[in-house]
Amino acid sequence: MNKIVIAIDGHSSCGKSTMAKELAKQIGYTYIDSGAMYRAVTLFCLQNKLFSGDTLDLERLKKEIQSIRITFVKNPETGQSDTYLNGKNVEREIRGMGVANKVSPVAAVGFVREEMVKQQQAMGLEKGIVMDGRDIGTVVFPNAELKIFVTASPEIRAQRRLEELIAKGENTSFEDVLHNLTTRDHIDSTRKDGPLKQAEDAVVLDNSDLTITEQNQQLLALFSEKI
Ligand code: CDP
């Protein structure tokens, strides 16, 4: 059977990665978390002191961007792919609020997007992938055979992300998480390069009132229709 490319885009913290991971596992495809790549670049900026307050040293970042190596390596303990930045496992660090609060300005930089999109397109050459992000169906794989645009109400998204962060031991509040995701949505939707927007041929999935099992069934049905 010919393999296809599945692009899942949508707002912050609406469960894209949970659904993309699960779908990929069920259909034997590779899952790629494009957001993890922008988060890893952001961690690089923080670790190398490229931020001075909210100001990012674009000149230095431009020099460094080619040397930032982001890879995904399967963790035998969890069965999931962990994100590596220049050979070091950064999966835990990139998920915290420190990175979440800085990632959207980094992801809005044109030359950062150019480099990430190039790497993402290379990962999809063989097809058989499920990639989630903001611009996957519009910029990275405009010819993807199946495009999903996911959304849910901001409050529901904030509650889900808060529970995830607390389970990981992070001390944060509902208000902080809600503020972070609405700010990111605004920056992601209004930037010039690769803004978050629904592709014309995407299927919209509002999962505010769906359980993980229900959303998964809908995705599987969409996949079956396509192939
Ligand atoms: O999981 P969550 O919704 O919190 O976000 P993510 O998928 O980990 O992405 C983190 C950030 O990276 C987003 O808020 C965007 O600013 C950026 N991003 C992007 O610009 N383009 C993508 N294809 C994926 C993520």
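What the table below lists for this structure:
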quantity: Candidate set: region 21-59, residues that are touching a residue at least 24 places away in the same chain (Cβ under 8 Å), of a type in the set (S, T, N, Q) and away from the ligand (no atom under 14 Å from the Cβ); chosen: the one nearest to Gly10 (Cα to Cα); calculated: Thr30
quantity: Check on Phe72, within 18 Å of Gly124 (Cα to Cα), touching a residue at least 24 places away in the same chain (Cβ under 8 Å) and open to solvent by 10 Å² or more (accessible area, probe 1.4 Å); calculated: yes
quantity: Candidate set: region 170-188, residues that are part of a helix (DSSP H, G or I) and among the acidic types (Asp, Glu); chosen: the one farthest from Ala107 (Cα to Cα); calculated: Glu175
quantity: Options Asp185, Asp201: the member that is open to solvent by 80 Å² or more (accessible area, probe 1.4 Å), out of contact with any Cys (no Cβ under 7 Å at 6 or more places or on another chain) and not aromatic (Phe, Trp, Tyr); calculated: Asp201
quantity: Close pairs (6 angstrom Cβ cut-off, 6 or more residues apart or separate chains): under 17 Å from Leu50 (Cβ atoms) and of a type in the set (S, T, N, Q) in region 91-108, part of a helix (DSSP H, G or I) and near the ligand (Cβ under 8 Å from one of its atoms) anywhere; calculated: Ser104/Arg184; Ser104/Ile187; Ser104/Asp188
quantity: Residue that is nearest to Arg95 (Cα to Cα), among those in region 151-161 that are open to solvent by 20 Å² or more (accessible area, probe 1.4 Å) and part of a helix (DSSP H, G or I); calculated: Arg161
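The values are calculated or read from the model by the stated rules, or taken from the named source; none is laboratory data. Keep in mind it's a predicted model, so treat the numbers as computed, not measured. Positions of Cβ are backbone-derived with ideal geometry, glycine not excepted, and every protein chain shown enters the neighbour counts. Areas reflect the complete protein model, heavy atoms only, side chains present, ligands, DNA and RNA absent. Shrake-Rupley method; radii C 1.70, N 1.55, O 1.52, S 1.80 Å.
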